[in-house]
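These notes concern the structure reproduced below.
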């Protein structure tokens with residue numbers, strides 16, 4: 001006969017509640033939820049480059065400590081989703097992310113042709129999946145300690161995009177990120193490899209500054 005301790009019963013109830021909550025989220029939610037950070041340094045007379053940020057925890061504010069300094073320095077706008085999160089199928093999340101993009105383009109001074117996706121861990125994987133599905137909407141990705149887990153096909157993956165890989169040698173996905181970079185290199189992407197210490201966590205703000213500096217530099221080269 002199975003016996004449950006009070007502790008194990010509480011854990012079981014918590015797991016059931018989490019599953020129920022996630023199921024309820026994608027069956028009843030209708031409008032996208034996101035936060036927007038617009039720095040003072042934007043070009044007020046033009047459309048500006050922007051980031052659609054994805055947090056594995058479903059909390060757009062997680063992106064601000066990583067991205068704020070880069071946004072301030074370069075005049076990029078951050079739109080960070082509260083909808084994306086680990087544990088929900090991309091087929092359920094994509095409509096909300098597409099609505100977020102549509103609302104942002106309509107409501108804020110963002111350049112629809114200069115959109116980058118960025119995320120940590122599962123948010124980085126979501127960035128990979130979104131640019132695969134909607135290459136005409138997304139110019140590039142900046143991903144932090146994540147991997148594609150081997151699902152991408154070099155023969156069908158989008159061509160000639162931009163990717164920054166922010167990796168940590170002690171992260172358990174470090175070697176997989178190297179393989180992801182090679183795949184994108186083989187697809188004609190312009191890629192940049194940036195490292196930091198600390199393992200599987202958000203990289204420090206200066207690494208995001210470094211990422212945008214490189215993106216701006218290759219943009220200048222393209223104009224020559």
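No lab work stands behind these numbers, since they all come straight from the coordinates. Since the structure is predicted, the reported quantities are computational estimates derived from the model, not experimental observations. For neighbour counting, all protein chains shown are included, and Cβ atoms are generated from backbone atoms with ideal geometry for every residue, glycine included.
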Practice item. Take residue 92 and decide whether it is in contact with a helix residue (DSSP H, G or I) (Cβ under 7 Å, 6 or more places away or on another chain), under 20 Å from residue 47 (Cβ atoms) and part of a helix (DSSP H, G or I). Key: no
Practice item. Give region 214-224 a look and list any residue that's touching a residue at least 24 places away in the same chain (Cβ under 8 Å) and surrounded by fewer than 19 Cβ atoms within 10 Å (Cβ to Cβ), or say none. Key: 214, 216, 218
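One line per residue, one yes/no per condition, for (1) crowded, with 18+ Cβ neighbours inside 10 Å; (2) under 22 Å from residue 76 (Cα atoms):
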residue	(1), (2)
137	yes, yes
158	no, no
165	yes, yes
172	no, no
185	no, no
191	yes, yes
201	no, no
206	no, yes
Review point. Looking only at region 126-148, which residues are in a strand (DSSP E or B) and without any contact (Cβ under 8 Å) to a residue 40 or more places away in the chain?
Key: 141, 143
Review point. Checking residue 96 against (1) within 18 Å of residue 138 (Cα to Cα); (2) touching a residue at least 60 places away in the same chain (Cβ under 8 Å); (3) touching a strand residue (DSSP E or B) at 6+ places or on another chain (Cβ under 6 Å), which single condition isn't satisfied?
Key: (3)
Exercise for review: For region 173-212, enumerate the residues that are within 18 Å of the chain's Cα centre (by Cα) and more than 27 Å from residue 151 (Cβ to Cβ).
Suggested key: 204, 205, 206, 209, 210, 212
Check your understanding: Which residues, taken from region 162-200, are in contact with a strand residue (DSSP E or B) (Cβ under 8 Å, 6 or more places away or on another chain), in contact (Cβ under 8 Å) with a residue 40 or more places away in the chain and closer than 20 Å to residue 62 by Cα?
Key -> 164, 166
